[in-house]
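Shown next, in structure tokens, is the structure this report addresses.
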């Protein structure tokens, strides 16, 4: 699966039922190419917008429960976010 395919999928937290947005980036180990985390849009900040910085919520790969055709289900405990 490519990043382009992942970007079309909505990420949903199964703990709260909250839509977290679509995948905007990946974190991975350069040497192995193994994906370690998904990045979805974070809280909007006017300061970051003016600076041109993107903020994102990093979701470790082990938090992913299921990658479906349209949705990626993740389990993020409220204490973690």
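Before moving on, here are some points about what is shown:
- For segment 43-81, the tally of residues that are at pLDDT 75 or above and either over 15 Å from residue 6 (Cα atoms) or touching a strand residue (DSSP E or B) at 6+ places or on another chain (Cβ under 9 Å) (or both) stands at 20.
- Filter result (loosely packed, with under 15 Cβ neighbours inside 10 Å, in a loop (DSSP other than H, G, I, E, B) and in contact (Cβ under 8 Å) with a residue 12 or more places away in the chain) within segment 16-44: 16, 43
The values are calculated or read from the model by the stated rules, or taken from the named source; none is laboratory data. None of the values given here were measured: they were computed from a predicted structure. Positions of Cβ are backbone-derived with ideal geometry, glycine not excepted, and every protein chain shown enters the neighbour counts.
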